[in-house]
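Written below as structure tokens is the structure these notes are about.
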Amino acid sequence: MRLPAPLSRRNPYLNKKDFGHVLVVAGSPTMLGASALCSLAAMRAGAGLVTAAVPRSLNLTLQQKIVPVVMTLPLPQTPQGVFSSSAFFILKKFFLKFNTVAIGPGLGLHPSTCRLVYRMVEYYPGPMVVDADALNALAKNKNPLMKAHGPRILTPHTGEMARLTGKTVAEVEGNRKKIALDFARRWQCVIVLKGHRTVIASPDGKTAVNSTGNVGMATAGSGDVLTGMIAAFLAQGMSPFEAARWGAYVHGQAGDKAAKAKSKVSLIASDMIDFTSRMY
């Protein structure tokens, strides 16, 4: 598919702010790589600026994991070293600074962190990509979705979708398109139901099935990369449905190119970030 206008960068007079600022809220002591992958994917997918929010004690470690082009924002944490719910009040002061938020990869499910997720999902006024542990938090309490002040894109794999809907994994796999669309309509969000032939569904009834990707992409961190890509496309001005559709397509195409070069067996998440540049 030909890249849409926001991603073509044909206007020489634009600057980094014109391509959007993504805030990534991700990571915990044992899953800091999720924050790095999501942030780097957002940069490689064309975001002009990316800030990675992280529990305060992990800030220096994260800076060593990611390239210098990603900024970091240390935030309050619990005694266990994960995000504290009080981090919300700092983030709220910066809401207008960011064009979109990606939240969830590697967060963990500490009760204080879940409260942060609920507040962010409900109160952030712009578009947001919700993934991983943020989805698991919402499986316990979906009310913030109905109160959300901006568009929300949820990116569950089959197991996460089963938890969100109360269905079995087999039920989700057996009727992926209908379940995704029903949930999108019920909770007024865009759904990206990951897996073989990823399904994208919007609350207005639009659906798409992605044709790119391969089994080699079933590897740790692949979803974190997709979350960063979708967030980058949102920040560059795409609608939630189009950002989700293009995110799935570019993510799968980069994975296909990486698998061809390195084999499906050897494919790792960072390869998808590296091969994203072959898409443009």
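Residue 53 fulfils the conditions (1) outside any strand (DSSP E or B); (2) modelled with pLDDT of 90 or more; (3) more than 21 Å from residue 254 (Cα to Cα) except for a single criterion, (1).
Checking each residue in the stretch 232-275 for being touching a Phe, Trp or Tyr at 6+ places or on another chain (Cβ under 7 Å) and not hydrophobic (A, V, I, L, M, F, W, C) picks out 236, 247, 257. Within the stretch 149-183, the residues that satisfy the criterion of being farther than 22 Å from residue 224 by Cβ and among the aliphatic types (A, V, I, L, M) are 170, 179, 181. Quick one: is residue 250 of a type in the set (A, V, I, L, M) and surrounded by 17 or more Cβ atoms within 10 Å (Cβ to Cβ)? When the stated conditions are applied, residue 250 passes them. A search for C-beta distances below 6 Å between a residue of the stretch 261-277 that is assigned to a loop (DSSP other than H, G, I, E, B) and any residue that is modelled with pLDDT of 95 or more and buried (at least 22 other Cβ atoms within 10 Å of the Cβ), counting only pairs 6+ apart in sequence or on different chains, returns 267/258. Look at (1) farther than 22 Å from residue 223 by Cα; (2) outside any loop (DSSP other than H, G, I, E, B) and you find that residue 43 fails only one, number (1).
Provide a single number: the residues in the stretch 106-145 that are closer than 19 Å to residue 30 by Cβ, touching a strand residue (DSSP E or B) at 6+ places or on another chain (Cβ under 8 Å) and either basic (Lys, Arg) or buried (at least 24 other Cβ atoms within 10 Å of the Cβ) (or both). Going through the stretch 106-145 one residue at a time, the tally reaches 6. All of (1) crowded, with 24+ Cβ neighbours inside 10 Å; (2) modelled with pLDDT of 95 or more hold for residue 261 with one exception: (1).
The values are calculated or read from the model by the stated rules, or taken from the named source; none is laboratory data. Because the structure is predicted, anything quoted here is derived from the model rather than measured. Glycine gets a Cβ as well: all are built from the backbone with ideal geometry, and neighbour counts include every protein chain shown.
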